[in-house]
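What follows is a single structure, written as C-alpha cells, with notes after it.
The values are calculated or read from the model by the stated rules, or taken from the named source; none is laboratory data. Just so it is clear, the model here is predicted, and its values are computed rather than measured. Every residue, glycine among them, receives a Cβ derived from its backbone with ideal geometry; neighbour counts consider all protein chains shown. When the accessible area is computed, the model is the full protein with side chains, heavy atoms only, and any ligands, DNA or RNA have been set aside. Shrake-Rupley method; radii C 1.70, N 1.55, O 1.52, S 1.80 Å.
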Amino acid sequence: MTDYELNNIDPEDIGDLLAKVEKSFSIKFVGNELVGLSTFGELCDHITNKIELDHSDNCTKQQAFYKLRNAISSTLNIDNVKIDTLLADILPRKNRLSAVRQIENKLGFKLSFLRPTYLVSGTLLIVLFAAFVGLFINWKFGLSGLFFSIAGLHLANKFGKEIDLKTVGELTEKMARENYLKSRRNSTTVNKNELENILQEWFSKDLDLDKAALRRDAKFV
C-alpha cells in the first residue's frame, strides 16, 4: 500500500486548527498527548475517542442547516431559505454586519465568515512588517506603527464585510465544523460515524490540502 506524506504544513497552522477543534468539540489537548500520533487516521481516532459523549446516529450538518435557516427566518424575516440560497442575496452589503450579528445572537455563537478586503488587510500587514523593522531604527516610531497596525487589523476584522462563501449550504458546513456541538439539536450527544469526514473536510480547507490525500494512512512529516 502506498504511503501518503503530508508535507510542507506549517506547525502554527496545525496548532491554530487544533485549537478550533478543541473549541468545536469541547475537548482539551493536554501536554504532549498528540506527539505519538503519526497518521491522519490515528489523529481522527484520538479525537473521536476523546469526546466522551453519548453517540446519536443523526446528521449534524442537517441539524445545523435547520438551526441556521430558522435563525435567518426569525431575525431577517426571510422565508424559503434553501441550501443553495446565495448569502449575498439575503445579506446585502449595506446592512450586512447588523444582519449577521442578529443571526449570531439568535444562534448563540459566532459564525466568523466575514473578512475585510484584501487591500485593507494587505496594507495593514505591510505596515506591521515595516513597524517591526522600524523598532531597530527608531523604537518610538516602530512601537507606534505596531500599535496602529495591530489595532487596525483588529478593527478591520471586526467590521469587514467581505464574504468568501457563496451559499447557505457552505455556511452550514462551516458552522457544523467549527461549532459542532452547538449545531446539534442535543449538544450532549455526538455522531461519531461522521467525525472523520468532518475532520477531513476541515484539514483540507484550512491547510489547503487535497482531500484525496487525507487518507487514514497519510503521514504527518
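Per residue, what accessible area does segment 1-160 have, given a 1.4 Å probe and all protein chains present, in Å²? Please list the in-between numbers first.
On the way: 10320 Å² over 160 residues.
Roughly 64 Å² per residue, with all protein chains present.
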Quiz item: How big is the gap, in Å, between the Cα center of segment 169-188 and the Cα center of segment 67-103?
Solution: 17 Å
Practice problem: Taking the Cα centre of segment 85-221 as origin, work out the dipole magnitude from +1 charges on Lys and Arg Cβ and -1 charges on Asp and Glu Cβ, in debye rounded to 20. | Solution: 460 debye
Quiz item: Which listed residue (30, 213, 121) has the Cα farthest towards the positive end of the charge dipole for the chain, taking +1 on Lys and Arg C-beta and -1 on Asp and Glu C-beta about the Cα centre?
Solution: 121
Quiz item: Counting only protein heavy atoms, what percent of the accessible surface of segment 26-99 is carbon or sulfur at a 1.4 Å probe?
Solution: 48 percent
Exercise. Working from the alpha-carbon coordinates of the chain, get Rg over Rh, Rh being the Kirkwood radius.
Key: 1.02
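Nearest 20 debye, what's the magnitude of the dipole of segment 71-142 about its Cα centre given +1 on Lys and Arg Cβ and -1 on Asp and Glu Cβ?
Details: 9 positive and 4 negative charges, 46 e Å.
It works out to roughly 220 debye.
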Quiz item: Per q in 0.19 1/Å, what log10 I(q)/I(0) does a Debye calculation on the alpha-carbon atoms of segment 127-221 return?
Solution: -0.94
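Once the other residues with Cβ under 15 Å from the Cβ of residue 121 are scored (Lys, Arg +1; Asp, Glu -1), what is the net sum?
Value of the local net charge: +1.
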Quiz item: Fully extended, how many nm does the chain gain between residue 216 and residue 101 (0.36 nm per residue separation, minus their Cα-Cα distance)?
Solution: 37.6 nm
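In deg cm²/dmol and to the nearest 500, what is the mean residue ellipticity at 222 nm of the chain if only DSSP H runs of at least 4 residues count, each as -39500 (n - 2.57), divided by the residue total? Spell out each step's value before the answer.
Values: 10 runs with 124 residues, N = 221.
Taken over the chain, the calculation gives -17500 deg cm²/dmol.
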